[in-house]
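The values are calculated or read from the model by the stated rules, or taken from the named source; none is laboratory data. This is a predicted model, so every value here is computed, not measured. Please note: Cβ atoms are built from the backbone with ideal geometry, for glycine as well, and neighbour counts cover all protein chains shown. All accessible areas refer to the heavy atoms of the entire protein, side chains included, with ligands and DNA or RNA removed. Shrake-Rupley method; radii C 1.70, N 1.55, O 1.52, S 1.80 Å.
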Amino acid sequence: MQNRWPKLLLVFLTVTLPIASQCAIADQPGWAKEERIGRLAVQADHAAARKNWAKAIKYGEQMLEKAAAVYPETDIRYLSRLKTLNRYYDKADRLQDVEKRVTMAYMLSKSRLGPQHHISEVSRLLYYKLLIANKDFPPAIEVVQENISLLGESESDNFSKMDYMVQLFSLYGMTGQAEKEAQAVEAYLALYRDLVGGSTKEILPIIITLAKNYCSQKRLLAFQKLMQSYDLAYICPDGSVKGK
(Lines give C-alpha, C1' and ligand atoms only; values in the text may rest on other atoms or scores of the structure.)
Protein backbone atom coordinates (compact mmCIF):
# COMPACT_ATOMS: atom_id res chain seq x y z
CA MET A 1 0.00 0.00 0.00
CA GLN A 2 2.79 2.37 0.87
CA ASN A 3 4.45 1.71 -2.47
CA ARG A 4 1.41 3.09 -4.31
CA TRP A 5 1.81 6.68 -3.05
CA PRO A 6 4.92 7.60 -5.07
CA LYS A 7 3.20 6.32 -8.22
CA LEU A 8 -0.03 8.20 -7.44
CA LEU A 9 1.97 11.34 -6.69
CA LEU A 10 3.80 11.00 -10.02
CA VAL A 11 0.48 10.69 -11.89
CA PHE A 12 -0.91 13.70 -10.02
CA LEU A 13 2.11 15.86 -10.89
CA THR A 14 2.09 14.71 -14.54
CA VAL A 15 -1.53 15.82 -14.94
CA THR A 16 -1.57 18.97 -12.85
CA LEU A 17 1.78 20.59 -13.72
CA PRO A 18 1.00 21.20 -17.41
CA ILE A 19 -2.36 22.68 -16.43
CA ALA A 20 -0.69 24.90 -13.87
CA SER A 21 1.91 25.97 -16.42
CA GLN A 22 -0.76 26.88 -18.95
CA CYS A 23 -2.62 28.89 -16.35
CA ALA A 24 0.59 30.71 -15.42
CA ILE A 25 1.23 31.58 -19.09
CA ALA A 26 -2.34 32.77 -19.56
CA ASP A 27 -1.98 35.00 -16.52
CA GLN A 28 1.02 36.79 -18.01
CA PRO A 29 -0.06 40.22 -19.35
CA GLY A 30 2.09 39.97 -22.49
CA TRP A 31 0.60 36.63 -23.54
CA ALA A 32 -2.89 38.02 -24.14
CA LYS A 33 -1.47 40.97 -26.06
CA GLU A 34 0.61 38.75 -28.31
CA GLU A 35 -2.39 36.53 -28.96
CA ARG A 36 -4.40 39.58 -29.98
CA ILE A 37 -1.61 40.69 -32.32
CA GLY A 38 -1.59 37.25 -33.90
CA ARG A 39 -5.36 37.29 -34.48
CA LEU A 40 -5.18 40.72 -36.10
CA ALA A 41 -2.30 39.56 -38.28
CA VAL A 42 -4.37 36.60 -39.49
CA GLN A 43 -7.36 38.84 -40.24
CA ALA A 44 -5.13 41.23 -42.19
CA ASP A 45 -3.55 38.35 -44.08
CA HIS A 46 -6.95 36.91 -45.03
CA ALA A 47 -8.06 40.31 -46.33
CA ALA A 48 -4.81 40.65 -48.30
CA ALA A 49 -5.33 37.20 -49.84
CA ARG A 50 -8.64 38.50 -51.21
CA LYS A 51 -6.89 41.71 -52.36
CA ASN A 52 -9.11 43.70 -50.05
CA TRP A 53 -6.37 46.19 -49.27
CA ALA A 54 -8.60 48.61 -47.36
CA LYS A 55 -9.53 45.91 -44.86
CA ALA A 56 -5.97 44.56 -44.78
CA ILE A 57 -4.74 48.04 -43.89
CA LYS A 58 -7.46 48.43 -41.25
CA TYR A 59 -6.47 45.24 -39.44
CA GLY A 60 -2.79 45.89 -40.11
CA GLU A 61 -2.98 49.28 -38.42
CA GLN A 62 -4.55 47.68 -35.36
CA MET A 63 -1.91 44.95 -35.45
CA LEU A 64 0.94 47.47 -35.56
CA GLU A 65 -0.58 49.55 -32.76
CA LYS A 66 -0.78 46.50 -30.51
CA ALA A 67 2.73 45.41 -31.51
CA ALA A 68 4.13 48.82 -30.60
CA ALA A 69 2.83 48.33 -27.07
CA VAL A 70 4.61 44.96 -26.70
CA TYR A 71 7.83 45.17 -28.74
CA PRO A 72 10.44 47.90 -29.18
CA GLU A 73 10.75 49.32 -32.70
CA THR A 74 14.07 47.51 -33.18
CA ASP A 75 12.57 44.08 -32.39
CA ILE A 76 12.33 41.74 -35.38
CA ARG A 77 8.71 40.98 -34.51
CA TYR A 78 7.81 44.66 -34.74
CA LEU A 79 9.84 45.19 -37.91
CA SER A 80 8.18 42.19 -39.53
CA ARG A 81 4.71 43.59 -38.90
CA LEU A 82 5.76 47.06 -39.99
CA LYS A 83 7.11 45.62 -43.26
CA THR A 84 3.86 43.71 -43.82
CA LEU A 85 1.68 46.76 -43.24
CA ASN A 86 3.85 48.85 -45.57
CA ARG A 87 3.33 46.20 -48.25
CA TYR A 88 -0.43 46.53 -47.86
CA TYR A 89 -0.13 50.27 -48.45
CA ASP A 90 2.02 49.60 -51.50
CA LYS A 91 -0.55 47.18 -52.93
CA ALA A 92 -3.24 49.81 -52.36
CA ASP A 93 -1.06 52.38 -54.21
CA ARG A 94 -0.87 54.43 -51.01
CA LEU A 95 2.81 54.13 -50.16
CA GLN A 96 3.19 57.90 -49.96
CA ASP A 97 0.63 57.95 -47.13
CA VAL A 98 3.16 56.23 -44.84
CA GLU A 99 6.44 57.83 -45.92
CA LYS A 100 7.93 58.02 -42.42
CA ARG A 101 7.14 54.38 -41.70
CA VAL A 102 8.62 53.20 -44.99
CA THR A 103 11.82 55.12 -44.32
CA MET A 104 11.96 53.89 -40.72
CA ALA A 105 11.45 50.28 -41.79
CA TYR A 106 14.32 50.56 -44.26
CA MET A 107 16.72 52.23 -41.82
CA LEU A 108 15.96 50.04 -38.80
CA SER A 109 15.86 46.70 -40.61
CA LYS A 110 19.16 47.46 -42.33
CA SER A 111 20.91 48.44 -39.08
CA ARG A 112 19.37 45.78 -36.82
CA LEU A 113 18.95 42.78 -39.15
CA GLY A 114 21.54 43.44 -41.84
CA PRO A 115 20.87 44.39 -45.47
CA GLN A 116 20.45 40.82 -46.71
CA HIS A 117 17.67 39.81 -44.31
CA HIS A 118 14.30 39.22 -46.00
CA ILE A 119 12.65 42.01 -44.00
CA SER A 120 15.45 44.36 -45.03
CA GLU A 121 15.14 43.37 -48.70
CA VAL A 122 11.39 44.05 -48.81
CA SER A 123 11.76 47.27 -46.82
CA ARG A 124 14.52 48.45 -49.17
CA LEU A 125 12.36 47.77 -52.22
CA LEU A 126 9.44 49.72 -50.75
CA TYR A 127 11.76 52.58 -49.80
CA TYR A 128 13.11 52.67 -53.38
CA LYS A 129 9.59 52.73 -54.82
CA LEU A 130 8.72 55.59 -52.50
CA LEU A 131 11.77 57.58 -53.57
CA ILE A 132 10.94 57.08 -57.26
CA ALA A 133 7.31 58.10 -56.69
CA ASN A 134 8.55 61.26 -54.97
CA LYS A 135 11.16 61.85 -57.71
CA ASP A 136 13.78 61.90 -54.99
CA PHE A 137 16.50 60.51 -57.22
CA PRO A 138 19.82 61.02 -55.33
CA PRO A 139 18.92 58.66 -52.44
CA ALA A 140 17.34 56.29 -54.97
CA ILE A 141 20.77 56.05 -56.64
CA GLU A 142 22.28 55.07 -53.28
CA VAL A 143 19.70 52.30 -52.88
CA VAL A 144 20.51 50.88 -56.32
CA GLN A 145 24.22 51.00 -55.51
CA GLU A 146 23.49 49.15 -52.27
CA ASN A 147 21.59 46.46 -54.18
CA ILE A 148 24.52 46.02 -56.56
CA SER A 149 27.02 45.81 -53.69
CA LEU A 150 25.10 42.88 -52.19
CA LEU A 151 25.35 40.75 -55.34
CA GLY A 152 27.88 38.00 -55.92
CA GLU A 153 29.42 36.78 -59.16
CA SER A 154 26.97 34.03 -60.12
CA GLU A 155 25.16 34.16 -63.45
CA SER A 156 21.88 34.87 -61.69
CA ASP A 157 23.46 37.75 -59.75
CA ASN A 158 24.96 39.16 -62.94
CA PHE A 159 21.54 39.19 -64.61
CA SER A 160 20.21 41.03 -61.57
CA LYS A 161 23.14 43.42 -61.89
CA MET A 162 22.09 44.16 -65.48
CA ASP A 163 18.62 45.15 -64.28
CA TYR A 164 20.11 47.41 -61.61
CA MET A 165 22.43 48.99 -64.19
CA VAL A 166 19.42 50.03 -66.24
CA GLN A 167 17.95 51.70 -63.15
CA LEU A 168 21.29 53.29 -62.37
CA PHE A 169 22.04 54.84 -65.74
CA SER A 170 18.45 56.07 -65.98
CA LEU A 171 18.76 57.79 -62.61
CA TYR A 172 22.15 59.28 -63.52
CA GLY A 173 20.60 60.60 -66.72
CA MET A 174 17.69 62.20 -64.84
CA THR A 175 20.10 63.87 -62.41
CA GLY A 176 22.40 65.19 -65.13
CA GLN A 177 25.41 63.05 -64.17
CA ALA A 178 26.60 62.36 -67.72
CA GLU A 179 29.94 60.77 -66.86
CA LYS A 180 28.43 58.33 -64.37
CA GLU A 181 25.58 57.62 -66.75
CA ALA A 182 28.09 56.62 -69.42
CA GLN A 183 29.97 54.36 -66.99
CA ALA A 184 26.74 52.59 -66.00
CA VAL A 185 25.70 52.08 -69.64
CA GLU A 186 29.15 50.75 -70.50
CA ALA A 187 28.94 48.30 -67.59
CA TYR A 188 25.49 47.18 -68.74
CA LEU A 189 26.66 46.60 -72.33
CA ALA A 190 29.68 44.62 -71.12
CA LEU A 191 27.46 42.38 -69.00
CA TYR A 192 24.96 41.96 -71.81
CA ARG A 193 27.70 40.95 -74.23
CA ASP A 194 29.04 38.36 -71.76
CA LEU A 195 25.71 36.93 -70.64
CA VAL A 196 23.42 37.23 -73.63
CA GLY A 197 25.29 38.19 -76.76
CA GLY A 198 22.53 38.53 -79.32
CA SER A 199 21.99 41.04 -82.07
CA THR A 200 22.62 44.77 -81.85
CA LYS A 201 18.94 45.37 -82.58
CA GLU A 202 17.91 44.04 -79.16
CA ILE A 203 19.96 46.64 -77.32
CA LEU A 204 19.95 49.43 -79.89
CA PRO A 205 18.01 51.89 -77.66
CA ILE A 206 20.68 51.51 -74.96
CA ILE A 207 23.50 51.92 -77.47
CA ILE A 208 21.82 55.10 -78.70
CA THR A 209 21.58 56.31 -75.09
CA LEU A 210 25.34 55.90 -74.75
CA ALA A 211 25.96 57.50 -78.14
CA LYS A 212 23.94 60.57 -77.16
CA ASN A 213 25.84 60.72 -73.90
CA TYR A 214 29.21 60.70 -75.70
CA CYS A 215 28.00 63.40 -78.08
CA SER A 216 26.77 65.62 -75.24
CA GLN A 217 30.18 65.28 -73.56
CA LYS A 218 31.99 65.91 -76.87
CA ARG A 219 33.69 62.53 -76.55
CA LEU A 220 33.94 61.99 -80.28
CA LEU A 221 36.63 59.31 -80.18
CA ALA A 222 34.54 57.25 -77.76
CA PHE A 223 31.55 57.81 -80.03
CA GLN A 224 33.40 56.62 -83.12
CA LYS A 225 34.69 53.54 -81.31
CA LEU A 226 31.15 52.72 -80.18
CA MET A 227 29.89 52.94 -83.76
CA GLN A 228 32.66 50.65 -84.97
CA SER A 229 32.06 48.13 -82.18
CA TYR A 230 28.42 47.67 -83.18
CA ASP A 231 28.86 48.30 -86.91
CA LEU A 232 26.59 51.34 -86.85
CA ALA A 233 26.65 54.50 -88.94
CA TYR A 234 25.47 57.50 -86.95
CA ILE A 235 26.63 61.09 -86.67
CA CYS A 236 26.16 63.42 -83.75
CA PRO A 237 26.21 67.06 -84.82
CA ASP A 238 25.34 69.51 -82.03
CA GLY A 239 25.04 66.70 -79.48
CA SER A 240 22.21 64.86 -81.26
CA VAL A 241 22.50 61.42 -82.83
CA LYS A 242 21.33 60.85 -86.38
CA GLY A 243 21.64 57.89 -88.67
CA LYS A 244 23.47 58.22 -91.93
In nm, to one decimal, how far is the modelled label at ASP97 from the one at LEU220, with both set 7 Å along Cα→Cβ? 5.7 nm
ASP163/GLU34 FRET efficiency (R0 51 Å; Cβ-Cβ; nearest 0.05): 0.80
Order by protection proxy (mean Cβ within 10 Å, highest first), peptides 92-101, 202-211, 77-86: 77-86, 202-211, 92-101
Could you check the spin-label model distance between ALA190 and GLU61? Points 7 Å from the Cα along Cα→Cβ, value in nm. 5.0 nm
Taking 26 Å as the cut-off for C-alpha to C-alpha distance, list the pairs among LYS55/LYS100; LYS161/LYS212; LYS51/LYS110; LYS110/LYS212 that go past it. LYS51/LYS110; LYS110/LYS212
Tell me the volume per residue, in Å³, of the convex hull enclosing the alpha carbons of region 49-164. 113 Å³
Accessible area (Å², per residue) of region 33-134, counting only protein heavy atoms and a probe of 1.4 Å: 54 Å²
Sort out for me the Cα centre separation of region 124-152 from region 59-75, rounded to whole Å. 26 Å
Integer Hz, Karplus 6.51/-1.76/1.60 couplings in order for region 185-193, x for Gly and Pro: 5, 4, 5, 4, 4, 5, 5, 4, 4
Using 1/(1 + (r/R0)^6) with R0 = 51 angstrom and r between the beta carbons of SER229 and ARG77, what's the FRET efficiency to the nearest 0.05? 0.40
Mind giving me the FRET efficiency for ALA49 and SER156? R0 is 35 Å, r the Cβ-Cβ distance, nearest 0.05 is fine. 0.75
Any aspartates and glutamates whose Cα falls less than 14 Å from that of LYS66, other than same-chain ones fewer than 8 residues away, would be GLU34, GLU35, ASP75
Region 33-134 - percent of accessible surface contributed by carbon and sulfur, probe 1.4 Å: 47 percent
